[in-house]
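Asker: The structure's right below; bear with me while I get my questions together.
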Amino acid sequence: MSLIEISNVTKQYNGGDEVVEALRGVDIAIEAGEFITIMGQSGSGKSTLLSILGGMNHPTSGEVAMAGVELYRLPGEKLADFRAQNLGFVFQSFHLIPYLTAIENVLLPLAIVKMKGADKNAAAKRALERVGLGNKADRLPNQLSGGEQERVAIARAIVNNPKILLADEPTGNLDSRTSDEVMALFRELNDAGQTVVMVTHNPENCRYSDRSINLRDGLVVGQN
Ligand SMILES: Nc1ncnc2c1ncn2[C@@H]1O[C@H](COP(=O)(O)OP(=O)(O)OP(=O)(O)O)[C@@H](O)[C@H]1O
Ligand SMILES: [Mg+2]
């Protein structure tokens with residue numbers, strides 16, 4: 001069995017009086033340890049697929065199994081626990097809280113995890129060290145460069161040792177050099193065993209991944 005099995009997933013949104021078919025029957029299997037990029041034009045359904053994978057968006061039909069658990073058969077509270085224990089998210093615009101320091105931002109996902117305070121602090125420090133920011137833990141986001149802020153967002157996403165790290169256009173707001181550094185960091189995490197699923201529209205980013213899945217109009221149209 002694969003780590004992630006997406007079977008015949010569809011998603012329809014009610015946009016005003018028309019129904020948008022964002023996903024129209026998607027099947028994907030992802031193995032533990034893979035680094036997958038999801039490519040496709042704007043509106044092809046990439047973010048929808050990632051949010052469904054992340055347990056944040058109920059599909060209209062179909063199944064998503066992760067480590068043998070059918071995500072959307074879990075009751076809401078159990079799904080939230082599953083997310084907190086197994087998934088990490090990185091978004092395009094970082095979503096760092098401006099009045100919290102780097103380490104306080106990294107601590108946020110542990111808020112609902114049962115752990116001693118000292119262990120949480122140690123985990124947050126370790127995550128910042130892994131992204132090369134151990135010495136900047138007490139800076140506020142506006143005292144960090146764009147690439148460093150992205151690294152804080154990545155540290156926050158890996159602080160719970162997730163089975164799967166999900167990222168939606170994590171380099172979308174970065175210049176090409178900083179973007180390469182951030183991609184190299186994802187690669188490094190993957191080399192250390194982290195499963196990564198990343199949405200990107202930049203073909204350059206695909207060279208860092210093991211496999212690239214192409215979406216068009218809500219369907220998988222190719223993998224390589
Ligand atoms: N909450 C929503 N309500 C209605 N329609 C939506 C909603 N979210 C997405 N859509 C529509 O679903 C389709 C797929 O959107 P999605 O955000 O998954 O695309 P995407 O591939 O991530 O695009 P981009 O590259 O621009 O981020 C689009 O037609 C979009 O307008
Ligand atoms: Mg998107």
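Each reported figure results from applying straightforward, stated rules to the coordinates on display, with no laboratory input. As the structure is a prediction and not an experimental result, all values here were calculated from the model. Glycine also receives a Cβ, built like all others from the backbone with ideal geometry; neighbour counts cover every protein chain displayed.
Asker: In the chain, what % of DSSP beta bridges are antiparallel (nearest 5)?
Answerer: So the antiparallel bridges in the chain amount to around 55 percent.
Asker: Per-residue HN-Hα couplings for segment 114-119, Karplus 6.51 cos²θ - 1.76 cosθ + 1.60 at θ = phi - 60°, whole Hz, x for Gly and Pro?
Answerer: Each residue's phi maps through the Karplus curve to give 7, 7, 5, x, 5, 5 Hz.
Asker: Considering amide H positions built from the backbone, and no H for Pro or chain starts, which residues 5 or more places from Val220, or on another chain, come under 5 Å of its amide H?
Answerer: Asp27
Asker: May I pose another question? Relative to the present Cα-Cα distance, how much length would full extension add between Asp180 and Ala29 at 0.36 nm per residue of separation?
Answerer: Taking 0.36 nm per residue and subtracting the Cα distance, the gain is 51.7 nm.
Asker: Please identify which residues in segment 47-62 have an amide N closer than 18 Å to a label point set 7 Å out from the Cα of Phe82, following the Cα→Cβ vector.
Answerer: 49-62
Asker: Which whole-Hz ³J(HN,Hα) couplings does segment 187-198 yield from phi under the Karplus relation 6.51 cos²θ - 1.76 cosθ + 1.60, θ = phi - 60°, glycine and proline marked x?
Answerer: Ordered by residue, 3J(HN,Hα) equals 4, 4, 4, 5, 4, 7, x, 6, 6, 10, 10, 10 Hz.
Asker: Another one. Neighbouring Cβ atoms within 10 Å as the yardstick, rank Glu129, Glu104 fewest first.
Answerer: The order, fewest Cβ neighbours first, is Glu129, Glu104.
Asker: Another question, if that's okay. Can you list which of the trypsin sites (Lys or Arg not before Pro) found in segment 95-168 are DSSP loop residues with at most 12 other C-beta atoms within 10 Å?
Answerer: Passing sites in segment 95-168 are Lys114, Lys116.
Asker: Please state, rounded to one decimal and in Å, the Kirkwood hydrodynamic radius that segment 84-198 gives when every pair of distinct Cα atoms enters the mean of 1/r.
Answerer: Radius from the Kirkwood sum: 13.8 Å.
Asker: With a 10 Å Cβ neighbour count serving as the proxy for reagent exposure, in which order, fewest first, do Leu110, Leu128, Leu23 appear?
Answerer: Least crowded to most crowded, the residues run Leu110, Leu128, Leu23.
Asker: If you don't mind, there's one more thing I want to ask. At 37 °C and 0.692 mPa s, what whole-number value in µm²/s does Stokes-Einstein give for the translational diffusion of segment 55-126, with Rh from the Kirkwood sum over Cα pairs?
Answerer: Approximately 231 µm²/s, per Stokes-Einstein.
Asker: By how many degrees, 0 to 90 and rounded to 10, does the Cα axis of helix 76-86 deviate from the longest principal axis of the chain?
Answerer: 60 degrees
Asker: Using alpha carbons only, how many angstrom separate the centre of segment 138-169 from the centre of segment 53-81?
Answerer: 24 Å
Asker: Let me ask something else about it. Add +1 for every Lys or Arg and -1 for every Asp or Glu among the other residues with Cβ under 12 Å from the Cβ of Ser42, and state the total.
Answerer: In short, 0.
Asker: Mind listing the Cα extents of segment 17-78 along all three principal axes, in Å, largest one first?
Answerer: Rounded to whole Å, the extents work out to 34, 29, 18 Å.
Asker: Determine the gain in length on full extension of the stretch Glu129-Tyr72; use 0.36 nm per residue of separation and subtract their C-alpha separation, reporting nm with one decimal.
Answerer: Value of the extension gain: 17.1 nm.
Asker: Relative to the longest principal axis of the C-alpha atoms of the chain, give the angle of the C-alpha long axis of helix 146-158, reported between 0 and 90° and rounded to the nearest 10°.
Answerer: Taking Cα atoms only, the helix is inclined about 70 degrees.
Asker: What is the ratio of the Cα radius of gyration of the chain to 2.2 N^0.38 Å, where N is its residue count, to two decimals?
Answerer: 1.00
Asker: Among Lys46/Lys163; Lys78/Lys114; Lys125/Lys163; Lys114/Lys136, which pairs are too far apart, with a Cα-Cα distance over 23 Å?
Answerer: Going by Cα-Cα distance, Lys114/Lys136 fall outside the 23 Å limit.
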